[in-house]
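Participant: After the structure tokens below, expect a handful of questions from me.
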Amino acid sequence: MNFTVGRIARDCLADLGRTETPQQFAESWQQRNTKYVVAAAEYIQARFNEATAKGDDTKNTLLEELASVRRTAEGDLKGLYDKHGKDATCKRMTALIDGGAYDITPGVPMFKELEALSAWSQSHLKEQATP
């Protein structure tokens, strides 16, 4: 979701005549979803640290998995552009994001998993802070 919001910001704002920067648009969404954005970043960092400690093969496998996720998100967005047109997709997606429909709420299919990830992240950050 974070990637999609950023890509929509990069691809669409200027075409729609919006004055905020892509960074400002993405940061607005990130602020509303802070605990999940932080949790995801913390999880990826922990996985990267573990993979790096295990060696180049493990690290490269993780990097390929992350690249695959990104390619999937890019493909999904390209599919929307191809199906509905870039202009219509940009208008719809920015309206959804602005209106909070793209925020992480109990209605999101993976909400329970994201809540568990957030709980893990908070616990992990506390462990890291304890000397």
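The values are calculated or read from the model by the stated rules, or taken from the named source; none is laboratory data. Keep in mind that this is a model prediction, so the values were computed, not measured. Here the Cβ is made from the backbone with ideal geometry for all residues, glycine too, and neighbour counts use every protein chain on show. Protein only, heavy atoms only, side chains kept; ligands, DNA and RNA dropped before computing areas. Shrake-Rupley method; radii C 1.70, N 1.55, O 1.52, S 1.80 Å.
Participant: Residues being exposed (fewer than 12 other Cβ atoms within 10 Å of the Cβ) and assigned to a helix (DSSP H, G or I): count how many of those fall in region 96-131.
Facilitator: Residues that pass the stated criteria total 7.
Participant: Now, a different point. Quick check on my filter: what residues within region 67-95 are under 21 Å from the mean Cα position of the chain (by Cα), among the hydrophobic types (A, V, I, L, M, F, W, C) and exposed (fewer than 13 other Cβ atoms within 10 Å of the Cβ)?
Facilitator: The answer is Ala67, Val69, Ala95.
Participant: Restricting to region 1-39, what's the tally of residues that are among the acidic types (Asp, Glu), outside any helix (DSSP H, G or I) and either under 26 Å from Trp120 (Cβ atoms) or in contact (Cβ under 8 Å) with a residue 60 or more places away in the chain (or both)?
Facilitator: Going through region 1-39 one residue at a time, the tally reaches 1.
Participant: Let me ask another. Go through region 50-66 and report how many residues are assigned to a helix (DSSP H, G or I), open to solvent by less than 80 Å² (accessible area, probe 1.4 Å) and of a type in the set (Gly, Ala, Ser).
Facilitator: The number of residues fulfilling the criteria is 1.
Participant: How do the pairs read when you match residues in region 72-91 that are closer than 19 Å to Leu13 by Cβ and part of a helix (DSSP H, G or I) with residues anywhere that are modelled with pLDDT of 95 or more and basic (Lys, Arg), using Cβ under 9 Å and keeping only pairs 6 or more apart or on different chains?
Facilitator: Ala73/Arg7; Glu74/Arg7; Leu77/Arg7; Leu80/Lys86; Leu80/Arg92; His84/Arg92; Thr89/Lys83
Participant: I would also like to ask the following. Looking at region 12-49 only, could you name the residues that are surrounded by 14 or more Cβ atoms within 10 Å (Cβ to Cβ) and of a type in the set (Val, Ile, Thr)?
Facilitator: Within region 12-49, Val37, Val38 qualify.
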